[in-house]
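As structure tokens, the structure follows; a few thoughts come after it.
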Amino acid sequence: MKIQEADAKSLLRAQGLPVPGWELARTPSQVREAAQRLFDAGARQVVIKAQVLVGGRGKAGGVKLASSPQEAFEVGGRILGMDIKGITVRKVIVARAVDIVKEYYLGAIVDRASRRIVLMASAEGGVEIEEVARTNPGAIHRVAAHPELGLLPFQARSLGLAIGLRDSLLSQFVSIAAGLYATMKANDADLVEVNPLGIVEEAGPHGDASRRLLCLDAKITLDDSGLARHPKLEEMRDLDEEDPTDAAARKLGINFIHLEGTIGCMVNGAGLAMTTMDLVKHYGGEPANFLDVGGGARHDVVCGAMELILADPNVKAVLVNIFGGITRGDEVAAGIVEASRSQSRTVPMVVRIVGTNAEEAARLLREASLETADSLDEAAEKAVAMVKGAAR
Ligand code: GDP
Ligand code: MN
């Protein structure tokens, strides 16, 4: 689950990271009022930032500075309602603008290859890290945290040195890196990114200037499977931006991932779903989705899942592969029949159901004149043939 910058910043703050304050605003007037408070508190400029779950907002015109409450009102009016990569901006944050001397990148991910949390840093901050990885991969430095010992101070220090930090800025970096690692662990995050981590110059009380590191942007992705352990984080789900298919799948309690192919797949069990997709490909087809309806799926869940598959206009055929254990074949068949009766367009289906109550399932499918198959190979071959038939 992706969360908005403002929520990500709250989680960073909770681990003691230096994050400048902000206010959330949904209308230009709210932007003006928030800006007024910041100017009253001594700000010379404010920054207004679109809150959408995509990167590159700056480049898209979704991050702008303003020098007065009135200008903030106007800038806010332009950003709110703006379209950024297909998403309408509904809220912005307003924060005191800072003087950035240099921008760094700092991120943490769960690295599947090493099965560890890896911290990455780069002196090429501000721009998207994927671009740095493409154009200048040597500029990204990494350390892997030990699963039990965690991120050790010397590791954080070597990372900071690698990106050129020294003295006080280096020790600030070490505690920021530790805080980033703590944020990963405390929230079961997949990814925590601060880009830019900025060296900021601040005027001291006697006209002197001091430099320090501040987290100026934050991006966090939470592990969906860890959410059950953090009920509070569920409140950070942004329903404004959730894909309707994802929302429907979550409500049904099924695992659905949309893909680019033409053969819709309904399977119980993640492993069996992967096997089914492999066989579709083996016979020359392309799966339109990954779908695990789970164990013991009831007919209404099956029917809802089938509706999700059929809602994809690319789907030209559907392959159902159910191995009934706890799942009852007749229950699944009833759901499929229900969905096939209510579907508005005619998509050919082939259904293979074995195991618990397979005979009853076969009878229901026969009565509804649905195509069946005995083996998975046969079902996959038939589904691919159906697509080819539809193409002719
Ligand atoms: P992103 O483009 O979606 O990653 O949004 P960011 O929050 O990273 O903002 C993009 C860029 O805006 C940053 O890299 C900074 O250069 C700039 N920016 C953000 N906040 C401030 C600020 O307070 N002061 C100044 N001068 N620039 C800022
Ligand atoms: Mn950024």
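The values are calculated or read from the model by the stated rules, or taken from the named source; none is laboratory data. What you see is a predicted model; the values in this text were computed from it and never measured. All Cβ positions, glycine included, derive from the backbone under ideal geometry; neighbour counts span all protein chains shown. SASA here: full protein model, heavy atoms, side chains in, ligands and nucleic acids out. Shrake-Rupley method; radii C 1.70, N 1.55, O 1.52, S 1.80 Å.
Before we move on, is Leu169 among the hydrophobic types (A, V, I, L, M, F, W, C), closer than 26 Å to Arg212 by Cβ and without any contact (Cβ under 8 Å) to a residue 60 or more places away in the chain? Working first, answer last.
Working: among the hydrophobic types (A, V, I, L, M, F, W, C): yes; closer than 26 Å to Arg212 by Cβ: yes; without any contact (Cβ under 8 Å) to a residue 60 or more places away in the chain: yes.
The answer is yes for Leu169.
For the range 111-159, enumerate the residues that are among the β-branched types (Val, Ile, Thr) and open to solvent by 40 Å² or more (accessible area, probe 1.4 Å). Full working, then the answer.
First, pick out the residues of the range 111-159 that are among the β-branched types (Val, Ile, Thr): 117-118, 127, 129, 132, 135, 140, 143.
Hits for the range 111-159 are Val127, Thr135.
Going through the range 64-109 one residue at a time, which ones are under 18 Å from Ile220 (Cβ atoms) and aliphatic (A, V, I, L, M)?
Those that are under 18 Å from Ile220 (Cβ atoms) and aliphatic (A, V, I, L, M): Ile87, Ile93, Ala95, Leu106, Ala108, Ile109.
If you take the residues in the range 64-91 that are assigned to a loop (DSSP other than H, G, I, E, B) and of a type in the set (Lys, Arg), which one is nearest to ligand 2 (Cβ to nearest atom)?
First, the residues of the range 64-91 that are assigned to a loop (DSSP other than H, G, I, E, B): 67-68, 80-82, 85-86, 89-91.
Applying the additional criterion that residues be of a type in the set (Lys, Arg) yields 85, 90-91.
Working: Lys85: 14, Arg90: 19, Lys91: 17 Å.
Here the residue is Lys85.
Taking the condition more than 21 Å from the chain's Cα centre (by Cα) and either part of a strand (DSSP E or B) or surrounded by 18 or more Cβ atoms within 10 Å (Cβ to Cβ) (or both), does Ala8 pass? Don't jump to the end; show me each part of the working.
On the way: more than 21 Å from the chain's Cα centre (by Cα): no; either part of a strand (DSSP E or B) or surrounded by 18 or more Cβ atoms within 10 Å (Cβ to Cβ) (or both): yes.
Taking the combined requirement at face value, the residue does not satisfy it.
Out of the residues in the range 253-266 that are among the hydrophobic types (A, V, I, L, M, F, W, C) and out of contact with any Phe, Trp or Tyr (no Cβ under 6 Å at 6 or more places or on another chain), state the one that is most open to solvent (accessible area, probe 1.4 Å). Let's see the steps before the verdict.
Step one: filter the range 253-266 for residues among the hydrophobic types (A, V, I, L, M, F, W, C), giving 254, 256-257, 259, 263, 265-266.
Checking the rest, the ones that are also out of contact with any Phe, Trp or Tyr (no Cβ under 6 Å at 6 or more places or on another chain) come to 254, 256, 259, 263, 265-266.
Details: Ile254: 18, Phe256: 22, Leu259: 52, Ile263: 1, Cys265: 2, Met266: 0 Å².
Here the residue is Leu259.
Of the conditions (1) in the same structural domain as Leu364 (by TED's automatic domain parsing); (2) free of Cβ contacts under 8 Å to residues at least 24 places away in the same chain, Phe290 satisfies every one except a single condition; which number is it?
It is condition (2) that Phe290 fails.
Results for (1) open to solvent by 20 Å² or more (accessible area, probe 1.4 Å); (2) farther than 25 Å from Arg112 by Cα; (3) basic (Lys, Arg), shown as yes or no for each residue.
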| position | (1), (2), (3) |
| --- | --- |
| Val194 | no, no, no |
| Ile199 | no, yes, no |
| Leu213 | no, yes, no |
| Asp224 | yes, no, no |
| Asp243 | yes, yes, no |
| Asp246 | yes, no, no |
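Residue by residue, here is whether (1) in the same structural domain as Val47 (by TED's automatic domain parsing); (2) part of a strand (DSSP E or B); (3) within 16 Å of ligand 1 (Cβ to nearest atom); (4) of a type in the set (Ser, Thr, Tyr) holds:
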| residue | (1), (2), (3), (4) |
| --- | --- |
| Pro196 | no, yes, yes, no |
| Thr221 | no, yes, yes, yes |
| Gly226 | no, no, no, no |
| Asp238 | no, no, yes, no |
| Ala249 | no, no, no, no |
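Within the range 32-44, is there a residue that is in contact with a Gly (Cβ under 8 Å, 6 or more places away or on another chain) and more than 14 Å from ligand 1 (Cβ to nearest atom)?
Yes - at least one qualifying residue is present in the range 32-44.
With the condition being more than 18 Å from Met184 (Cα to Cα) and more than 15 Å from ligand 2 (Cβ to nearest atom), I'd like the strands (runs of 3 or more DSSP E) fully within the range 92-167 carrying at least 1 qualifying residues.
Working: elements: 92-96, 99-111, 116-122, 140-144.
So the answer is 92-96, 99-111, 140-144.
Assess whether Ala43 counts as being part of a loop (DSSP other than H, G, I, E, B), of a type in the set (A, V, I, L, M, F, W, C) and free of Cβ contacts under 8 Å to residues at least 40 places away in the same chain. Full working, then the answer.
Numbers: part of a loop (DSSP other than H, G, I, E, B): yes; of a type in the set (A, V, I, L, M, F, W, C): yes; free of Cβ contacts under 8 Å to residues at least 40 places away in the same chain: no.
So Ala43 fails the test.
Taking interchain pairs and intrachain pairs at least six residues apart, which have beta carbon atoms under 7 angstrom, with the first residue in the range 127-141 and closer than 19 Å to Leu161 by Cβ and the second open to solvent by 60 Å² or more (accessible area, probe 1.4 Å) and modelled with pLDDT of 95 or more?
Short answer, once both residue conditions are applied: Val132/Glu124; Asn136/Glu124; Ala139/Glu124.
Residues in the range 20-30: is at least one assigned to a helix (DSSP H, G or I), outside the structural domain of Glu234 (by TED's automatic domain parsing) and open to solvent by less than 60 Å² (accessible area, probe 1.4 Å)?
Filtering the range 20-30 down to residues assigned to a helix (DSSP H, G or I) leaves 28-30.
Filter once more, so that each one left must be outside the structural domain of Glu234 (by TED's automatic domain parsing): 28-30.
With the extra rule that they be open to solvent by less than 60 Å² (accessible area, probe 1.4 Å), the set shrinks to 28-29.
Within the range 20-30, one or more residues are assigned to a helix (DSSP H, G or I), outside the structural domain of Glu234 (by TED's automatic domain parsing) and open to solvent by less than 60 Å² (accessible area, probe 1.4 Å).
Check the range 183-202 and report whether any residue there is modelled with pLDDT under 95 and of a type in the set (Ser, Thr, Tyr).
No, every residue in the range 183-202 fails to be modelled with pLDDT under 95 and of a type in the set (Ser, Thr, Tyr).
What number of residues within the range 55-71 are touching a strand residue (DSSP E or B) at 6+ places or on another chain (Cβ under 6 Å) and either of a type in the set (Lys, Arg) or within 10 Å of ligand 1 (Cβ to nearest atom) (or both)? Walk me through it before giving the result.
Here is the first cut: in the range 55-71, the residues touching a strand residue (DSSP E or B) at 6+ places or on another chain (Cβ under 6 Å) are 57, 60, 62-66.
Among the residues that remain, those that are also either of a type in the set (Lys, Arg) or within 10 Å of ligand 1 (Cβ to nearest atom) (or both) are: 57, 60, 62-65.
Residues that pass the stated criteria total 6.
Could you say whether any residue in the range 47-63 is away from ligand 2 (no atom under 16 Å from the Cβ) and open to solvent by 30 Å² or more (accessible area, probe 1.4 Å)?
Going through the range 47-63, the residues away from ligand 2 (no atom under 16 Å from the Cβ) turn out to be none.
No, there is no match, as no residue in the range 47-63 is away from ligand 2 (no atom under 16 Å from the Cβ) and open to solvent by 30 Å² or more (accessible area, probe 1.4 Å).
Suppose we keep only residues that are within 16 Å of ligand 1 (Cβ to nearest atom) and open to solvent by 90 Å² or more (accessible area, probe 1.4 Å) within the range 202-211. Which one would you say is nearest to the chain's Cα centre (by Cα)? Before the answer, list the steps.
Of all residues in the range 202-211, those within 16 Å of ligand 1 (Cβ to nearest atom) come to 202-203, 209, 211.
With open to solvent by 90 Å² or more (accessible area, probe 1.4 Å) added as a condition, the list becomes 203, 211.
Numbers: Ala203: 38, Arg211: 34 Å.
Among those residues, the one meeting the criterion is Arg211.
Please find, within the range 238-270, the residue that is modelled with the lowest pLDDT out of those that are among the β-branched types (Val, Ile, Thr) and closer than 26 Å to Gly55 by Cβ. Outline the logic, then answer.
Here is the first cut: in the range 238-270, the ones among the β-branched types (Val, Ile, Thr) are 245, 254, 257, 262-263, 267.
Of the ones still in play, those that are also closer than 26 Å to Gly55 by Cβ are 245, 257.
Working: Thr245: 90, Ile257: 95.
Restricting to residues being among the β-branched types (Val, Ile, Thr) and closer than 26 Å to Gly55 by Cβ, the top hit is Thr245.
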